[in-house]
Structures are given as structure tokens and as C-alpha cells.
1. Between Glu198 and Asp15, what FRET efficiency follows from the Cβ-Cβ distance if R0 is 45 Å, with the result rounded to 0.05?
2. Number of Lys pairs in the range 1-157 with C-alpha atoms less than 24 angstrom apart, excluding same-chain neighbours closer than eight positions?
3. Under 8 Å for C-alpha pairs, at least 6 residues apart: give me the relative contact order for the chain, rounded to a whole percent.
4. If packing is taken as the average number of other Cβ atoms within 10 Å across a peptide's residues, how do 10-21, 32-43 rank, most packed first?
5. Note down the nm distance, to one decimal, between modelled labels 7 Å out along Cα→Cβ at Glu32 and at Thr147.
6. Order the peptides 126-138, 79-91 from the highest to the lowest mean number of other Cβ atoms within 10 Å of their residues.
7. Taking R0 as 41 Å, what FRET efficiency do you get between Glu125 and Ile205 from their Cβ-Cβ distance, rounded to the nearest 0.05?
8. State, to one decimal in nm, how far the label point of Cys48 lies from the label point of Asn70, with both points 7 Å from Cα in the Cβ direction.
Amino acid sequence: TCIIEFEGKFTRIPDGALKDTKINSNTIEIPETVTSIGSYAFANTPICGSLIIPNSVTEIKEGAFENCRNLNSLKLPSNLKRIESLVFKSCGFSGSLTIPNSVTEIGHHTFYGCNNFTKELILSENLGKIGSYAFAGCSGFSKGDLTIPNSVTEIGEGAFYDCKGFNGKLSLPCNLSKIGNNAFYGCENLSGSLTIPETVKEIGILAFCNCTGFTGDCVLPSALESIGI
């Protein structure tokens, strides 16, 4: 058993602080004085159980919890502004995932390979961009629809690649301008109609490949200029 204590109040967990260590705990609770978690701070550690991040945290840097495969629950802080790339890649979270409304951007590969989620995905209503492969391989989301809020203007390449669990309708934002390559590749259980918003000018390569579950109409916008192979 190891207890790590810090004297005084500190506001940032440094880059790589506990990377590749053998820390093993049922709960990791970040102190309420912390506002920033550095890059790869806990990457590749065998933490198991819950991850508690206080509302004081406004930024989580690249790869902070990458490959923490034994974590099983996650609640994101209500003041978080941006989730950088690779932050939770290949973690073992279960249940649902709610992105707080304070978040405006999700980086690339942020939740890549987190395939144990079993319920819904709720995205921030102020989200502007979903990075490439942000949720790729998250095959377990299985409760209801996939609703992308109207604040989103760009869906990155492979953002929802192989997300087979979604079994409801897909609602795309009214301000969307581009759907990236492979964006919904393999989302085979999305159902109902597919309506592409009037603002979309480009649909990328293989964007809806193997989306075999749609049963209604496919409505394309008059402003559409390009549809990939």
C-alpha cells in the first residue's frame, strides 16, 4: 500500500507525473485545488475502479489517462472546456457518457477504443468540433439515438467509426458544413431516415459505409457539392 501526500495546495498535476507506474487503487480522486491535469499524467497505469475529477478542473491535456484499461466509471467536471487528444484512449469505462455543456471541443482519438460503454452518449450543447476518430471503436453505446448538437460544424474523419451499438435514429446538426471520411463507417444499427442538413457541402469517403440499418428515406441537401466514394 502506498499513500502519496502533497504539502500545501497545488493546482496542476505535471506532465507524466505517474506515467507507467504501478499505482493500483480502487479510486483515484483528484484534489479540488487542481485546475489542470498534465499530458500523460496517469498514462499506462493499472488504476482500477472509479476516476473522480472535481469541477475545479478546466483542462485535461493530451493522453492524460491513456490506456488505463481497468477504470470502470467516469464523471467529467462541469467546468471542463476542452478534452484534448488521446485523453481517455483505450480506457475501460462502462455505463453512459455525458460530455458537459462547458466543453467546446473534443480532440482526436479522445475516447478511441473505449468499447465498454453500455448506455447513451450525451454530447455538449456547446460543442463546436468532434475530432478525428474521437469515439471510434466505442461499440457499446446501445441506448437510443445518436444526437449531435446544432453547435457542431464539423464531424472529423472516423469520428464514430465502428460504433455499432447505436440503435436509434441519427440527428445531424443544422449548422454542419462537412462530414469527414469514414465518419459513421460501420454504424450498422442506426435506423430510420437519414437526413443531411442543408448546410452540408461535402460528404467524405466511406462516410456511411456499411450503415445497413437505415430503413427510411435518404434526403440530401441542395447545396451539396461532393460525395466521396
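1. Efficiency computed from Cβ-Cβ geometry: 0.55.
2. Number of lysine pairs found: 28.
3. Numbers: 780 pairs, mean separation 23.6, N = 229.
Once divided by the residue count of the chain, the mean separation gives 10 percent.
4. On the way: 10-21: 15.3, 32-43: 19.2.
Order by mean packing, descending: 32-43, 10-21.
5. 3.2 nm
6. Details: 126-138: 22.3, 79-91: 20.8.
Sorting 126-138, 79-91 by mean packing, highest first, produces 126-138, 79-91.
7. Details: r = 29 Å, r/R0 = 0.72.
My answer for the efficiency is 0.90.
8. Roughly 0.5 nm, to one decimal.
Throughout, read-outs are computed from the coordinates displayed, never taken from laboratory work. Remember, it's a predicted structure, so these values are computed and weren't measured experimentally. Reconstructed Cβ throughout: ideal geometry from the backbone, glycine too, with neighbour counts over all protein chains shown.
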